[in-house]
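Enquirer: Below is a structure I'd like to ask you about.
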Amino acid sequence: MPAVLVHGVPDTHRLWDHVRARLQRQDIVALSLPGFDSPIPEGFQSTKEEYLNWLIQQLEALGEPVDLVGHDWGCLLTARIASNRPDLVRTWTGISGPLDPEYEWHYLAEIWQKPGEGEAWMASLNRDEFAQNLIDARMPPEDARESVRHIDDQMKASILALYRSSINVGAEWKPGLANVTAPALVIWGIDDPFLPNRFADLLGEATRARAIVKLRATHWPLLNVPGDVARELEAHWATVS
């Protein structure tokens, strides 16, 4: 059974490279969501439900339950799959992704969710300035520059559509977490400037996680401390080997 890794916004599959390099297993699939340096299927509208269905199709094609891992938006989407399609999930790990109605969207999300205002923000995006904003939030500089390099018009439109479909995602999706049956692990950065640690506890409680691991990291534990993330993942997977 492979491990399937799902990134967040505004990232691509490359976000997992540092962790993958430290994992012992080779059966790893790091997906890029449609529109995130990845083709968009015909008719795809980039809503949260369409991303969810797309991911389900990818997992169904693998033909066996997987060790499912998601960061940021990938955490929300994979948690929903673990809630609704337990047959596809052997274990689940959520990293730095709040799924709770108490969570208040960060300031960029609020801009992206507003028609007109979101388009104006995307049109005026300066990649160097945005990379510096990520660096100021303690994303490693090389990773920040690599991340923003892939933000094109397709990704911009996908981000706006995703966030506009998700204003109430916490209220809509959190109740389903009670249905998660796969062994769960939550990983969080203690110094995440966007997500208070209490949302790690809430997510862990809702999924009855076997552990809630808080690392000395920001929003990107898989970039700040990839060795620690790899170690926690392997320990989690070993509990059901």
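The values are calculated or read from the model by the stated rules, or taken from the named source; none is laboratory data. Computed from a predicted model, the values in this text were never measured in an experiment. So basically every Cβ, Gly included, is an ideal-geometry build from the backbone, and we count neighbours across all protein chains shown.
Enquirer: Residues to consider are Glu172, Glu205, Glu234; find the one that is part of a helix (DSSP H, G or I) and closer than 30 Å to Pro39 by Cβ.
Expert: It is Glu172.
Enquirer: A further question follows. Tell me whether the range 130-143 contains one or more residues that are surrounded by 15 or more Cβ atoms within 10 Å (Cβ to Cβ), small (Gly, Ala, Ser), under 21 Å from Trp54 (Cα atoms) and at pLDDT 95 or above.
Expert: Within the range 130-143, not a single residue is surrounded by 15 or more Cβ atoms within 10 Å (Cβ to Cβ), small (Gly, Ala, Ser), under 21 Å from Trp54 (Cα atoms) and at pLDDT 95 or above.
Enquirer: Additional query: Given (1) closer than 22 Å to Gly94 by Cβ; (2) in contact with a helix residue (DSSP H, G or I) (Cβ under 7 Å, 6 or more places away or on another chain); (3) in contact (Cβ under 8 Å) with a residue 40 or more places away in the chain, identify the lone condition not met by Ile151.
Expert: Result: Ile151 passes all but (1).
Enquirer: Okay, next question. Scan the range 108-119 for residues that are surrounded by 11 or more Cβ atoms within 10 Å (Cβ to Cβ) and free of Cβ contacts under 8 Å to residues at least 40 places away in the same chain and jot them down.
Expert: Once the filter is applied, which keeps residues that are surrounded by 11 or more Cβ atoms within 10 Å (Cβ to Cβ) and free of Cβ contacts under 8 Å to residues at least 40 places away in the same chain, the range 108-119 yields Leu108, Glu110, Ile111, Lys114, Glu117.
Enquirer: All but one of (1) outside any loop (DSSP other than H, G, I, E, B); (2) touching a helix residue (DSSP H, G or I) at 6+ places or on another chain (Cβ under 8 Å) hold for Trp54; state the number of the condition that does not hold.
Expert: (2)
Enquirer: Any residue in the range 47-66 that is without any contact (Cβ under 8 Å) to a residue 40 or more places away in the chain sitting within a Cβ distance under 8 Å of a residue that is in a helix (DSSP H, G or I)? List the pairs, counting only those 6 or more apart or interchain.
Expert: Hits for this filter: Leu52/Leu77; Leu52/Arg80; Leu52/Ile81; Ile56/Ile81; Ile56/Leu88; Glu60/Leu88.
Enquirer: Looking only at residues in the range 208-231 that are on the phi < 0 side of the Ramachandran plot, part of a loop (DSSP other than H, G, I, E, B) and of a type in the set (D, E, K, R), which one is surrounded by the fewest Cβ atoms within 10 Å (Cβ to Cβ)?
Expert: Ranking the candidates gives Arg216 first.
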